[in-house]
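Colleague: Have a look at the structure that comes next, please.
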Amino acid sequence: LDTILGGGFREASLNLIAGRPGTGKTTLAHQLMFALTRPGRTALYLTALGEPPAKMLRHQEQYAFFRPEELHRSIHFLNLAAVGGSNDTEVMLQKIQEAVEEHKPSLVFIDSFRSLFAALHRGQTGVAGLPAFLHQMALLMRGWQATTFLVAEYLDPDREDPLFTVADGIL
């Protein structure tokens, strides 16, 4: 990816990993995470309403990039499913902020961002709509200088999407 992207992902950028279900978005995100973490450069992987972290990790351990010794040392997982069910974007942003403050990650992954937003959007309270939620989240992550990857299902290339307006890079 460094060659294709002309040097890799920019530090403190907000990136989108998009594609149809089953195309390897989560596997790519894990491969990036394991390749980019080391002591002093940690990652926070936030899961939302998709596969629980334990199931994802069981699947990922078949790959050569998987390093179990990095879990809970340089790589931290947090399942946001319970918070996503609250339908309150303010609560979700607060939970993400608390996790970032606790782990002080250099890299943040949110998988699946679309599922998270869909859950928040049902019966929504707090910040109004996807653009406002994206803006608030982007400010939060950029404030900590975290390079962020949003993993999202994307099915319709002709549909305009506010997610593309905040992304510094799209894969």
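The values are calculated or read from the model by the stated rules, or taken from the named source; none is laboratory data. The shown structure was predicted, so the numbers you read here are calculated from the model rather than taken from an experiment. With ideal geometry, Cβ positions are generated from the backbone for all residues, glycine too; neighbour counts draw on all protein chains shown. Accessible surface is based on the protein model in full, side chains and every heavy atom, while ligands, DNA and RNA are left aside. Shrake-Rupley method; radii C 1.70, N 1.55, O 1.52, S 1.80 Å.
Colleague: Restricting attention to the range 42-58, which residues are more than 20 Å from GLN145 (Cα to Cα) and either small (Gly, Ala, Ser) or under 12 Å from the mean Cα position of the chain (by Cα) (or both)?
Modeller: Within the range 42-58, THR47, ALA48, GLY50, ALA54 meet the criteria.
Colleague: Which numbered condition trips up ARG142, out of (1) at pLDDT 75 or above; (2) in a helix (DSSP H, G or I); (3) within 23 Å of THR26 (Cβ to Cβ)?
Modeller: So the condition that ARG142 fails would be (3).
Colleague: Please pick out the residue among GLU61, GLU70 that is open to solvent by 60 Å² or more (accessible area, probe 1.4 Å) and either farther than 15 Å from ALA146 by Cα or within 18 Å of the chain's Cα centre (by Cα) (or both).
Modeller: Values: GLU70 fails: open to solvent by 60 Å² or more (accessible area, probe 1.4 Å).
That would be GLU61, the only listed residue that is open to solvent by 60 Å² or more (accessible area, probe 1.4 Å) and either farther than 15 Å from ALA146 by Cα or within 18 Å of the chain's Cα centre (by Cα) (or both).
Colleague: Another question about this same structure. Could you please find all residues in the range 1-41 being under 15 Å from the mean Cα position of the chain (by Cα) and of a type in the set (A, V, I, L, M)?
Modeller: ALA12, LEU14, LEU16, ILE17, ALA18, LEU28, ALA29, LEU32, MET33, LEU36
Colleague: Now for a separate question. Buried (at least 21 other Cβ atoms within 10 Å of the Cβ) and under 19 Å from LEU116 (Cβ atoms), is that true of LEU28?
Modeller: In short, no.
Colleague: With the range 1-95 as the region, which helices (runs of 4 or more DSSP H) entirely inside it contain at least 3 residues that are in contact (Cβ under 8 Å) with a residue 60 or more places away in the chain and under 15 Å from ILE110 (Cβ atoms)?
Modeller: 25-36
Colleague: Can you work out which of the residues in the range 99-139 that are modelled with pLDDT of 80 or more and assigned to a loop (DSSP other than H, G, I, E, B) is farthest from GLU70 (Cα to Cα)?
Modeller: Checked the range 99-139; the qualifying residue farthest from GLU70 (Cα to Cα) is SER112.
Colleague: Does HIS30 qualify as being touching a strand residue (DSSP E or B) at 6+ places or on another chain (Cβ under 6 Å) and at pLDDT 90 or above? Steps first, please.
Modeller: Working: touching a strand residue (DSSP E or B) at 6+ places or on another chain (Cβ under 6 Å): no; at pLDDT 90 or above: yes.
When the stated conditions are applied, HIS30 does not pass them.
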